[in-house]
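Structure record follows, encoded as structure tokens.
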Amino acid sequence: MNFVDLNLPENKLCFPTSEEEWKGVAKMYEERWNFPHCLGAIDGKHIAIVPPANSGSYYFNYKGHHSLVLMAIVNAKYQFMYIDVGMNDRMSDGGVLQNTVFFEKLENGELHIPNSETLTGTNRNLPYVFVADDAFPLRPDMIKPFRQANLTSHERKILNYRLSRARRVVENAFGIMASRFRIFYTHINLEPENIDKVVKASCVLHNFLIERSNRSYAPQECFYRENSESGNIISEGYNTQKSTMENLERRNPGNTLNTAKIVRENFMNYFNKEGTVPWQDNYVT
């Protein structure tokens, strides 16, 4: 498992290292996806592999095949900021995040994430957060949607919609990369250390091509688009349904800190009051 920080001007696979850089990521999320104080979208995928000889069940997952896990954090431009490759399936999907260097640095306060701030034009003070799905924990610095059984109000449905808009970029990033690098349509038959290199190289090339050859590498139909008047999804972007990538398993919620619940409630209140967008009701009715 590797904390990737390839600090080269072209590959753009470089994790922010200062409050100013984090705020730059958050500003782009707010401009593109109407989600303030968002530091990135987190997700993970099982990468199907042919297991090495004599590896037994070491890479065998609960889905019934062998895989390694790729965990990633993506910015508002569908580019990978951070990847962690190579976790095997002897650990549960719920433990994927906790076994990354990213999580260790997050827990130890070593990521230089900005403190909570009052949103421009409001009196509402909100922290900077990552957005994730139900495979990840709800934390004061990580928001995930309400589960279907808990969608008991219009306000909660609005929160899920606004969160989904910000989080789709990571799903689309995986989908675009898988559709262009067809090795992700196979069970990769390489030694694990070489699989690690192939996946990292694919992420770097994806970032480079998004930046330099966007029209040919990822034309408009690749991206998530909405018809805000009708409330219809025009395009959900490329997804990974045709590839051998598979989603992580939904996490048991376990015990959640009250502070994490309060943060999610505060974002929910913001999206239903000062931070409302004119079309959001169309998507939840």
key: Ranking by accessible area, most exposed first, for THR152, THR186, THR122, THR285 with a 1.4 Å probe   = THR285, THR152, THR186, THR122
key: Added length on full extension, which subtracts the Cα-Cα distance from 0.36 nm per residue, ASN282 to LYS27   = 89.3 nm
task = Give the accessible area for GLU193 in Å² (nearest 10); use a 1.4 Å probe, count only protein heavy atoms, and leave out ligands, DNA and RNA.
result = 100 Å²
request  = Could you calculate the FRET efficiency of LEU190 with GLU107 from 1/(1 + (r/R0)^6), where r is the beta carbon distance between them and R0 is 30 Å, rounded to 0.05?
outcome  = 0.35
key: Accessible-area order (highest first, 1.4 angstrom probe) of the listed residues LYS261, LYS200   = LYS261, LYS200
message = Between SER116 and GLU221, what is the label-point separation in nm under the 7 Å Cα-to-beta-carbon projection?
response = 4.5 nm
note = Rounded to the nearest 10 Å², the 1.4 Å probe accessible area of SER164 is 40 Å²
request  = Provide the per residue accessible area, probe 1.4 Å, for segment 14-119, rounded to a whole number of square angstrom.
outcome  = 38 Å²
inquiry  = Give me the percent of accessible area attributable to carbon and sulfur for the chain, probe 1.4 angstrom.
reply    = 45 percent
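In the structure displayed, which of LYS197/LYS242; LYS45/LYS200; LYS23/LYS105 lie more than 21 Å apart, Cα to Cα? Could you put the intermediate results ahead of the total?
Numbers: LYS197/LYS242 23 Å; LYS45/LYS200 14 Å; LYS23/LYS105 18 Å.
Listed pairs above 21 Å: LYS197/LYS242.
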note = Using a 1.4 Å probe on heavy atoms of the protein chains only, the accessible area for CYS14 in Å², nearest 10, reads 50 Å²
key: Stretchable slack from PHE60 to ARG212, in nm (0.36 nm times residue separation minus alpha-carbon distance)   = 50.9 nm
remark   = Once TYR78, TYR58, TYR283 are ranked on solvent-accessible area with the largest value leading and a 1.4 Å probe, the list reads TYR58, TYR283, TYR78
ask   = How high is the FRET efficiency from GLU19 to ASN269, r the C-beta distance, R0 25 Å, rounded to 0.05?
value = 0.45
inquiry  = Using the Cα centre of the chain as the reference point, and only Cβ charges (+1 on K/R, -1 on D/E), how large is the resulting charge dipole? Debye, rounded to the nearest 20.
reply    = 580 debye
key: Cα-projected label distance for SER164 with ALA149, points at 7 Å along beta-carbon direction, nm   = 2.0 nm
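The values are calculated or read from the model by the stated rules, or taken from the named source; none is laboratory data. Here the structure is a predicted model, which means the values were calculated and not measured. All Cβ positions, glycine included, derive from the backbone under ideal geometry; neighbour counts span all protein chains shown. Surface areas here come from the heavy atoms of the whole protein model, side chains and all, with no ligands, DNA or RNA. Shrake-Rupley method; radii C 1.70, N 1.55, O 1.52, S 1.80 Å.
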